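Just below is one structure, and these are the notes that go with it.
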Amino acid sequence: MIAAEKSQQNSKPWLSVRRIRAHAILLALCLWSVCAVDYATPGIFDRAGNIKFQDFIQFPISARLIAEGRISSLYDPQALNQQIRAMVGNTNAYLEFYQAPQVVLPFMALSRLSFLTQAIIWVTFSLLIYFACVYELWKTCGAFKSYPKLVALCAVAYPPLFHFFVRGQLSVLILLCFTCACLAFRARHDWLAGIALGCLAFKPQFLIAIPFVLLAAQAWKAVSGLIISAVAQLAFSVVFFGQAVMRTYVSVLLHHASQPELSLLPDQMHSLRSFWALLIPSASIVWLLYFLSCVATIALAAAIWKSSSPLSVRFSALALAAVLVNPHLFVYDLLALVPVFMLAADWALSDDRQSYLSTFGPLLYLAFVLPLFGPLSRWTHIQLSVIVFVALLWIFYRHRISGSALFENQG
């Protein structure tokens, strides 16, 4: 959102720092006031009658099942929902557990606490991780080092953070993996960066594009670290939970991926698959277009990564590709794009020869706010955020073919 400031020296941009600050304040007040009002009611239910931090409830229940020796029931929807009703009473909530089993283990340490206490501990810890990631990324971005308050304000106002918080999801761990990978690449520890990216194996949908991009770009150190990390996580899970549970997990994951997109709140999804599913009613055509667009996305990202563009451009392209190719990316998982906003804005502000700034700044702004308006796609059948993500990737690619020689490789 800061990227448009550069042009205000020559004109009066509609995205001045003053306006960005005002928009961020308004957005933060609207989002978090709604949250405060909704969650102000005592007890486990919010003002609308929904379970507070509803998505989180699957983790303490799954931890309890493991503690009781009922590992085989982890992916049994009936067992999960019986436990939900035993914990909170009468509710219309219905959840299915699609997560990798290893993510449950840390929550076993909290199993003696009440659900709300566990949820509050988790979201508090998650917010600390979120702002620590923002801070570490901000320290690497020299172009807006003088805007710490504005960066913090934009971080608070980011719509996916709101969705992540009220649902009690795990998406902050995705951001942590991307942030650690970015910092490792910047320190020229590509192998460690690959290990950080391989930790995304707990969300395997994020590892569809990344290995192909790195392989196509011949980033062998990063690829080897990724493979070692992902295989180690898988091996641990097989040993701890057993082959039967892991086979069930893979089966559930594949079944989840094959479900019709329109039954899974596509207006809250922001990837290529949901984009085509909203636009085209034929499932077979959707899969074909999804496959072709994924191939194109990976090819663009690989070309950018292999170029001499700065790390801020190359890593932003890698993260955008991971998001776009992910077949089931909900709005709260867009926390993965936090490094993109910071790195891309820093790149645009640092590059005096950037010819795309007049369009790049507004696109970055739209990428920031459009996830908030995802539900409009119920009527328009067009998820605008996906179009903007693709446009950003295309600008990075155009930079690669038109101006990459102007920059020293920072990665």
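Summary table
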| read-out | value |
| --- | --- |
| FRET efficiency, 1/(1 + (r/R0)^6) with R0 22 Å, evaluated for Leu288 and Ile208 via beta carbons | 0.85 |
| Packing rank of 62-69, 43-50, 195-202, where each peptide gets the mean count of other beta carbons within 10 Å, highest leading | 195-202, 62-69, 43-50 |
| Highest-first arrangement of 206-217, 123-134, where packing means the average Cβ count within 10 Å | 206-217, 123-134 |
| Principal semi-axes in Å for segment 1-158 [√(5λ), Cα gyration tensor, largest first] | 41, 19, 13 |
| Student exercise, segment 138-284 dipole from Lys, Arg, Asp, Glu Cβ charges, in Debye to nearest 20 | 460 |
| Trypsin sites (Lys or Arg not before Pro) restricted to segment 297-366 and DSSP loop, no more than 15 other C-beta within 10 Å | Arg353 |
| Nonlocal amide H pairs with Cys141, under 5 Å, H built at 1.01 Å | none |
| Relative contact order [Cα under 8 Å, 6+ residues apart], segment 3-406, whole percent | 19 |
| Farthest toward positive dipole pole in the chain [+1 Lys/Arg, -1 Asp/Glu at C-beta], among Phe206, Gln54, Ala132 | Ala132 |
| Value at 222 nm in deg cm²/dmol, rounded to 500, when DSSP H runs of n ≥ 4 in the chain each add -39,500 (n - 2.57) | -20500 deg cm²/dmol |
| Net charge dipole size for the chain [Lys, Arg +1 and Asp, Glu -1 on Cβ; Debye, nearest 20] | 560 |
| For segment 3-406, with +1 on Lys and Arg beta carbons and -1 on Asp and Glu, the positive-most of Ser72, Gln99, Gly89 along the dipole | Gln99 |
| Spin-label pair Arg47/Arg64, simplified geometry with 7 Å Cα→Cβ offset, distance in nm | 2.9 |
| The chain - Debye-derived log10 I(q)/I(0), Cα point model, q = 0.10, 0.12 Å⁻¹ | -0.69, -1.01 |
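Since every read-out is calculated from the coordinates, none of them should be taken as a lab result. Since the structure is predicted, the reported quantities are computational estimates derived from the model, not experimental observations. Note that each Cβ is placed from the backbone with ideal geometry, even for glycine, and that neighbours are counted across all protein chains shown.
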